[in-house]
Amino acid sequence: MKIVFVCTGNQCRSPVAEYVARSFATELTTQAKTKGQQLADSFSLELEFASAGTHAFRGTPMDPRASRFLATEGIDGDGFSSTRLNRVALAGADIVVGMETAHVDHALRIAPALLKKAATLRQLAAWSMIDSVHFPDDIAHLRATRAGKEILDAHGPDIPDPVAENDDDFMRISREVRDNVKELVKAIINGQDA
């Protein structure tokens with residue numbers, strides 16, 4: 001399963017999401033194996049995380065504050081290089097996760113077929129709290145149902161861009177990305193393991 005995180009410059013929110021998702025998925029699968037739960041050895045290899053930016057300049061490094069945030073989480077962000085959102089970046093995507101509604105809309109203009117597979121991170125994290133949710137299968141249903149819309153209305157869809165924020169606000173937004181990503185990854189893994 002390929003999950004693509006999308007923000008504006010692919011320097012702050014989406015790389016943090018990509019790296020946290022990869023690290024947390026590895027952590028969860030390792031814990032499950034350690035506890036003796038039945039989990040296919042290849043499971044962690046079946047999850048692929050990527051990120052891109054709607055207005056990214058290819059090859060730009062991660063914002064230093066994003067790297068520092070990842071380091072506080074024990075995650076090495078060295079070697080990151082930004083990617084522009086295009087058909088190639090979206091190829092094979094099972095879930096497209098925008099940091100803002102505008103990012104989801106941009107992805108859908110590039111690849112309209114992803115309509116049933118795209119939502120904002122806040123939407124997906126909120127929907128992850130619903131018992132027995134399965135991603136990506138339930139995204140289209142949740143977008144269309146009253147319950148899915150009420151959850152969206154209660155949480156608001158967009159995580160603000162921290163690029164021009166002070167360090168404290170940047171870290172607060174990064175923590176929000178981290179927390180929402182962990183809810184999403186947990187739901188994806190629980191759904192695949194069910």
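The values are calculated or read from the model by the stated rules, or taken from the named source; none is laboratory data. Note that the structure is a prediction, hence the values are computed from the model and not measured. All Cβ positions, glycine included, derive from the backbone under ideal geometry; neighbour counts span all protein chains shown. Only protein heavy atoms, including side chains, enter the accessible area calculation; ligands, DNA and RNA are left aside. Shrake-Rupley method; radii C 1.70, N 1.55, O 1.52, S 1.80 Å.
For this structure, a couple of remarks:
- Normalised Debye scattering of the range 1-111 at q = 0.11, 0.13, 0.15, 0.24 Å⁻¹ gives log10 I(q)/I(0) of -0.37, -0.50, -0.65, -1.25, counting only Cα atoms as equal scatterers and leaving out solvent.
- Spin-label pair Asn86/Asp137, simplified geometry with 7 Å Cα→Cβ offset, distance in nm: 3.5
- Here the relative contact order of the chain, from alpha carbon pairs under 8 Å that lie six or more residues apart, stands at 26 percent.
- Estimated from helices alone, the mean residue ellipticity of the chain at 222 nm is -15000 deg cm²/dmol (sum of -39500 (n - 2.57) over DSSP H runs with n ≥ 4, per residue).
- If you wrap the tightest convex hull around every Cα atom of the chain and split its volume per residue, you get 116 Å³.
- Max mean-square fluctuation residue, GNM over the chain, Cα-Cα springs under 10 Å, options Thr29, Thr83, Thr120: Thr29
- Range in the chain, longest, excluding exposed trypsin sites (Lys or Arg not before Pro) [loop by DSSP; at most 13 other beta-carbon atoms within 10 Å]: 59-194
- Rolling a 1.4 Å probe across the protein heavy atoms gives the chain an accessible surface of 49 Å² per residue.
- Pairwise label distance in nanometres, Thr101 with Thr30, each label 7 Å out on the Cα-Cβ vector: 3.9
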